[in-house]
Amino acid sequence: MYIAKSVERAGGLPVFIPLELDDVTLRRLHDRLDGVLISGGDDVDPLAYGKERRVQVTPGDETRDRVEMSLVRWAVKSNKPALGICRGAQIMNVAMGGTLHWDVSEHAGAGRHDFYPDLPTDLLAHEIKIEEDSLLSRVIGKPILRVNSLHHQAVKDVAPGFHAVAHAPDGITEAIELPHHPFALGVQWHPEALPEQPEAQAVFKAFVKACQ
């Protein structure tokens with residue numbers, strides 16, 4: 001519900017999408033929406049990006065993976081604003097042809113990124129460095145930002161056409177975006193859990209503005 005409140009505070013009207021819809025109905029619903037937001041959740045199934053399942057990966061609902069990847073592809077193709085948060089950023093990357101680290105430990109020198117459940121969700125765990133001249137840099141308004149970290153998977157190979165526009169100190173990708181698209185952004189942290197951080201809420205404000 002934090003996501004819905006963040007969208008509401010930014011001036012948007014959140015609409016939840018049922019997972020049980022067939023593709024025709026889902027597409028009709030997509031076409032009526034002003035934008036698509038894919039939230040956090042369970043691991044993306046490695047089978048979705050051509051890898052074998054591992055015991056360390058706990059895939060959620062295959063239907064959710066399918067629905068969300070369809071929504072992302074349609075939004076990108078139709079130039080509809082799309083925002084991915086944590087798993088949502090990973091879904092965005094996989095949907096458009098990228099891959100994931102099944103666990104951040106697969107990345108050489110990676111630090112700890114999965115702090116849940118032993119630490120609070122609003123803990124500003126590490127900094128990210130944001131690339132200049134990116135959509136994210138314009139939204140955040142600063143090159144360095146401290147963020148919360150609640151993930152154990154991460155973007156590995158960035159989807160064709162997308163750019164990695166923010167990184168943690170250990171090199172883990174923290175944001176991706178699609179240049180020349182009105183608004184296609186995926187962030188690896190959880191801005192909805194930082195209601196008092198202006199930069200976090202600016203992400204939702206920029207998304208809602210792009211949808212208007």
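Any idea which residue in the range 15-38 is nearest to A89 (Cα to Cα), counting only those that are at pLDDT 95 or above and touching a helix residue (DSSP H, G or I) at 6+ places or on another chain (Cβ under 6 Å)? Filtering first and then ranking leaves I38.
For the range 182-211, enumerate the residues that are out of contact with any helix residue (DSSP H, G or I) (no Cβ under 9 Å at 6 or more places or on another chain) and either modelled with pLDDT of 95 or more or among the basic types (K, R) (or both). Let's see the steps before the verdict.
The first filter runs over the range 182-211 and keeps only residues out of contact with any helix residue (DSSP H, G or I) (no Cβ under 9 Å at 6 or more places or on another chain), leaving 196, 198, 209-211.
P198, K209, A210, C211, listed by residue number.
Just one residue in the set E192, E199 is assigned to a helix (DSSP H, G or I) and surrounded by 22 or more Cβ atoms within 10 Å (Cβ to Cβ); that residue is E192.
Can you confirm whether the range 130-139 contains a residue that is in a loop (DSSP other than H, G, I, E, B), among the acidic types (D, E) and surrounded by 14 or more Cβ atoms within 10 Å (Cβ to Cβ)? Outline the logic, then answer.
First pass over the range 130-139, keeping only residues in a loop (DSSP other than H, G, I, E, B): 131-134.
Restricting the remaining residues to those that are among the acidic types (D, E) gives 131-133.
Imposing the further condition that a residue be surrounded by 14 or more Cβ atoms within 10 Å (Cβ to Cβ) reduces the set to 131.
Yes: one or more hits.
Kindly indicate the residue of the range 86-136 that is over 22 Å from E52 (Cα atoms) and charged (D, E, K, R) and also farthest from the chain's Cα centre (by Cα) among those meeting that condition. My answer is D118. Within the range 71-81, does at least one residue satisfy the condition of being more than 18 Å from the chain's Cα centre (by Cα), within 28 Å of A202 (Cβ to Cβ) and of a type outside the set (K, R)? Yes, some residue in the range 71-81 is more than 18 Å from the chain's Cα centre (by Cα), within 28 Å of A202 (Cβ to Cβ) and of a type outside the set (K, R). Could you tell me whether the range 13-33 includes any residue that is under 25 Å from P160 (Cα atoms), part of a helix (DSSP H, G or I) and hydroxyl-bearing (S, T, Y)? No, the conditions are met nowhere in the range 13-33. The residue pairs whose first member lies in the range 1-27 and is under 30 Å from P198 (Cα atoms), whose second member is polar (S, T, N, Q) and not in a loop (DSSP other than H, G, I, E, B), and whose beta carbons are closer than 8 Å, counting only pairs six or more residues apart or on different chains, are S6/Q201; R9/Q201; A10/Q201.
If you go through the range 148-181 and pick out every residue that is at pLDDT 95 or above and either assigned to a strand (DSSP E or B) or within 23 Å of R9 (Cα to Cα) (or both), you end up with 11.
The values are calculated or read from the model by the stated rules, or taken from the named source; none is laboratory data. Values in this document were obtained by computation on a predicted structure and should not be read as measured data. Note that each Cβ is placed from the backbone with ideal geometry, even for glycine, and that neighbours are counted across all protein chains shown.
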